[in-house]
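Student: I have a structure I would like to understand better, so I am pasting it below and will then ask my questions one at a time.
The values are calculated or read from the model by the stated rules, or taken from the named source; none is laboratory data. The model shown is predicted, which means the values in this text are computed figures rather than measured ones. Don't worry about glycine lacking a Cβ; one is built from the backbone with ideal geometry, like all the others, and counts go over all protein chains shown.
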Amino acid sequence: MTEIKTIGVIGAGAMGRGIAYAAALGGYRTVLEDVMPEMLEQGVAYIAEALEEGVGRGKVTPEQKSKALENLTTSRSVEDVCREAELLIEAVPEEMEVKLEIFTIFDKFAKPGAILASNTSSLSITEMATITFRTENCIGMHFFNPVPKMKLLEIVRALETSEATVQACVEVGRRMGKEVVVIRESPGFITSRINALIGNEAFYMLQEGVASAEDIDKALKLGLNHPMGPFELVDLVGLDVRLNILEYLHKTLGEKYRPCPLLAQYVKAGRVGRKAGRGVYDYGPEAKK
């Protein structure tokens, strides 16, 4: 089994920067990559802020914070990161074409024995693995937003993923402070498959005028003990991301996952959540920063 010393994270958006936080705090040399300099700058600032918040909450020691920041570097070249890392985790947009492109680069430039991982929340790891010559080293590592606070990590075994690859990623997850579940690949895995149904039904209820978004959120938080309401959650994750997941699940699992027309309408209007300043709720211009 390849010893993992360096983790490369491709994409410095909300998920990528969170994964880089967890990797650096877990003691790994961490390279965060993005082609956009401003995304890298924002990513590093987010990680520093999250570490400081962790110190304030007593979850991170000052020494751990300093070491994590020492572990963190950035890059604007996927190829360069591939040459350094024993574990590569892509956190690019939830579109199969984009992920296949990244896995093609991984396969061409990664070290022999390197693990190629996707942070997809629903797409097929087997399909990504098939375009490589190292299918046994391909795996899903589904983190949850916000990564610094969410404890779960879904490890997704593709058709030909080796046991050594699974165990290496389980160990990485544990060092990152995550609770790990290992599952056989299936559309939507565990959480996305169930959560997509809940969130989609909430949109149908909103569309039908059953209740306001605020009251639907309140009902699920107080009545079902959910930490966030479905609309609060989808605004955090991104309505465009949720729509992509539902469209994929509708195609693979059938009619019960057909996206609510209101959700599709919101996405067409650019109301995709906190990152746009407006989703189901209005967050104002400050939310975009």
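Student: When you look at Thr120, is it over 14 Å from the mean Cα position of the chain (by Cα), without any contact (Cβ under 8 Å) to a residue 60 or more places away in the chain and either surrounded by 24 or more Cβ atoms within 10 Å (Cβ to Cβ) or not assigned by TED's automatic domain parsing to the domain that holds Ala20 (or both), yes or no?
Tutor: Taking the combined requirement at face value, the residue does not satisfy it.
Student: Going through region 76-104 one residue at a time, which ones are of a type in the set (A, V, I, L, M) and loosely packed, with under 14 Cβ neighbours inside 10 Å?
Tutor: Val98, the sole residue that qualifies.
Student: Going through Leu253, Leu263 one at a time, which residue ends up being in contact with a Pro (Cβ under 9 Å, 6 or more places away or on another chain), under 21 Å from Glu95 (Cβ atoms) and not assigned by TED's automatic domain parsing to the domain that holds Glu94?
Tutor: Leu253
Student: Considering every residue within region 173-183, establish whether at least one is touching a strand residue (DSSP E or B) at 6+ places or on another chain (Cβ under 9 Å) and without any contact (Cβ under 8 Å) to a residue 12 or more places away in the chain.
Tutor: For region 173-183, residues touching a strand residue (DSSP E or B) at 6+ places or on another chain (Cβ under 9 Å) and without any contact (Cβ under 8 Å) to a residue 12 or more places away in the chain: present.
Student: Looking at Ala196 and the list (1) buried (at least 21 other Cβ atoms within 10 Å of the Cβ); (2) more than 19 Å from Leu153 (Cα to Cα), which single condition is not satisfied?
Tutor: Ala196 satisfies all of (1) buried (at least 21 other Cβ atoms within 10 Å of the Cβ); (2) more than 19 Å from Leu153 (Cα to Cα) except (2).
Residues checked against (1) of a type in the set (A, V, I, L, M, F, W, C); (2) over 21 Å from Lys67 (Cα atoms):
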position	(1), (2)
Val147	yes, no
Arg157	no, yes
Val166	yes, yes
Ile183	yes, yes
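Student: Where in region 210-260 are there helices (runs of 4 or more DSSP H), lying wholly inside it, with at least 2 residues that are among the aliphatic types (A, V, I, L, M), surrounded by 22 or more Cβ atoms within 10 Å (Cβ to Cβ) and in contact (Cβ under 8 Å) with a residue 40 or more places away in the chain?
Tutor: 230-237, 239-253
Conditions (1) more than 30 Å from Leu249 (Cβ to Cβ); (2) over 17 Å from the mean Cα position of the chain (by Cα), marked per residue:
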| position | (1), (2) |
| --- | --- |
| Ile47 | yes, no |
| Val81 | yes, yes |
| Glu101 | no, yes |
| Ile125 | no, no |
| Ile131 | no, yes |
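Student: Out of the residues in region 53-75 that are assigned to a loop (DSSP other than H, G, I, E, B) and surrounded by fewer than 15 Cβ atoms within 10 Å (Cβ to Cβ), which is nearest to the chain's Cα centre (by Cα)?
Tutor: It comes out as Lys59.
Student: Continuing with this model, one more query. Could you list, in sequence order, the residues of region 100-138 that are among the basic types (Lys, Arg) and assigned to a helix (DSSP H, G or I)?
Tutor: Lys108
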